[in-house]
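In what follows, a structure is listed as structure tokens, so that the remarks can point back to it.
No lab work stands behind these numbers, since they all come straight from the coordinates. Keep in mind that what you see is a predicted model, and the values were worked out from it rather than measured. Note that each Cβ is placed from the backbone with ideal geometry, even for glycine, and that neighbours are counted across all protein chains shown.
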Amino acid sequence: MTDTETTVRENPRKVREGLVVSSGMDKTAVVATIDRVRHRRYAKTVQRTTKLYVHDETNDLNVGDRVRVQETRPMSKKKRWRLVEILERAK
């Protein structure tokens with residue numbers, strides 16, 4: 001085997017932090033993540049919110065929890081993220 005054949009292709013999965021905004025579904029939570037981006041024309045920093053559907057196997061997330069999620073294979077039509085850890089519980 002040559003050097004190029006033994007090279008393993010790495011695919012680092014995306015990791016995001018966000019706030020749980022809904023946990024009413026079974027084994028699924030909705031997490032809102034905030035991205036700060038620079039506006040192209042006005043050069044002002046703008047906040048963009050994205051909702052991620054997260055797989056929560058143990059159903060232990062509550063609204064207001066701060067969590068870390070990781071990209072994974074598609075688990076349903078919209079669910080493409082899984083729970084890595086709970087950073088902070090809601091008060």
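Below, the figures for the structure above:
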| quantity | calculated |
| --- | --- |
| Theoretical gain in end-to-end length, ARG40 to ARG68 [0.36 nm per residue, Cα-Cα removed] | 7.2 nm |
| Residue list for region 56-91, given a label point 7 angstrom along the Cα-to-Cβ vector of ASP26 and an amide N cut-off under 13 Å | 59 |
| Spatially proximal lysines relative to LYS91 (Cα-Cα < 29 Å; intrachain offsets below 8 disregarded) | LYS14, LYS27, LYS51, LYS78, LYS79 |
| Gyration tensor verdict on the chain (Cα atoms; rounded if a/c is under 1.5, prolate if a/b is larger than b/c, oblate otherwise) | oblate |
| Calculated from backbone phi, Karplus (6.51, -1.76, 1.60) coupling profile of region 42-58 in Hz, x at Gly/Pro | 9, 6, 9, 6, 10, 8, 10, 9, 10, 9, 10, 8, 10, 7, 10, 4, 9 |
| Distant-in-sequence amide H partners of SER22 (H built 1.01 Å from N, under 5 Å) | VAL30 |
| Table column - 3J(HN,Hα) (Hz), region 65-73, Karplus curve with 6.51, -1.76, 1.60, x for Gly and Pro | 5, 9, 10, 10, 10, 10, 5, 8, 5 |
